[in-house]
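In what follows, a structure is listed as structure tokens, so that the remarks can point back to it.
The values are calculated or read from the model by the stated rules, or taken from the named source; none is laboratory data. Only a predicted model underlies this, so the values are computations on that prediction, with no experimental measurement involved. Glycine gets a Cβ as well: all are built from the backbone with ideal geometry, and neighbour counts include every protein chain shown. With ligands, DNA and RNA removed, areas are computed over all heavy atoms of the protein, side chains included. Shrake-Rupley method; radii C 1.70, N 1.55, O 1.52, S 1.80 Å.
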Amino acid sequence: MQIGQFSETTRSYSADDLDALADLAGMDVGDTIPEPLIGALFSYLLGVHLPGSGTNYLKQELCFLAPAPLDQTLTARVEITRLRPEKHLADLATTCRTENGTLVCEGRALVLIRDVGA
């Protein structure tokens, strides 16, 4: 791993996806993508791609700047901004944008990882 390394994933959500979430969660989810679904994209990236298996979330902060519309592709990205090998920690910037480039969410994540390797 190195500073500047990143991983991205894309996903769109439909009205059917929100209906399924509403049924599971027992809540009204409205007509835009709920913030927890966007946060889940970051969890997916951190746990599967970068840093990957064995990653433990220690802290996350997210600032939601714009609504995420239905049926539009979202791109979530995590990027390593700092490595602390002596403590097995990595800091990552997190962003999510719509297909037209609108910044929906930005934030940071701090994770504990097995092999920081500078």
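Looking only at residues in region 16-40 that are over 30 Å from residue 113 (Cα atoms), part of a helix (DSSP H, G or I) and hydrophobic (A, V, I, L, M, F, W, C), the one that is most open to solvent (accessible area, probe 1.4 Å) is 24. If you check residue 43 against the conditions, is it small (Gly, Ala, Ser) and open to solvent by 80 Å² or more (accessible area, probe 1.4 Å)? No, not satisfied. Just one of (1) surrounded by 16 or more Cβ atoms within 10 Å (Cβ to Cβ); (2) at pLDDT 95 or above; (3) out of contact with any helix residue (DSSP H, G or I) (no Cβ under 6 Å at 6 or more places or on another chain) fails for residue 6. It is (1). Applying the condition of being among the polar types (S, T, N, Q) and farther than 21 Å from residue 3 by Cβ to region 87-103 and asking which residue is surrounded by the most Cβ atoms within 10 Å (Cβ to Cβ) yields 98. Taking residue 114 and the conditions (1) without any contact (Cβ under 8 Å) to a residue 60 or more places away in the chain; (2) out of contact with any strand residue (DSSP E or B) (no Cβ under 9 Å at 6 or more places or on another chain), which numbered condition does it fall short on, given that it satisfies the others? Condition not satisfied by residue 114: (1). Taken over region 18-56, the criterion of being among the charged types (D, E, K, R) and either out of contact with any helix residue (DSSP H, G or I) (no Cβ under 9 Å at 6 or more places or on another chain) or modelled with pLDDT of 90 or more (or both) is satisfied by 19, 23, 35. Condition test on residue 61, is it within 17 Å of the chain's Cα centre (by Cα), at negative phi and loosely packed, with under 14 Cβ neighbours inside 10 Å? Spelling it out, residue 61 is indeed within 17 Å of the chain's Cα centre (by Cα), at negative phi and loosely packed, with under 14 Cβ neighbours inside 10 Å.
Among the criteria (1) touching a residue at least 40 places away in the same chain (Cβ under 8 Å); (2) part of a loop (DSSP other than H, G, I, E, B); (3) surrounded by fewer than 16 Cβ atoms within 10 Å (Cβ to Cβ); (4) not hydrophobic (A, V, I, L, M, F, W, C), the one residue 53 does not fulfil is (1). Scan region 71-86 and give yes if some residue there is free of Cβ contacts under 8 Å to residues at least 24 places away in the same chain and farther than 26 Å from residue 2 by Cβ, otherwise no. For region 71-86, residues free of Cβ contacts under 8 Å to residues at least 24 places away in the same chain and farther than 26 Å from residue 2 by Cβ: absent.
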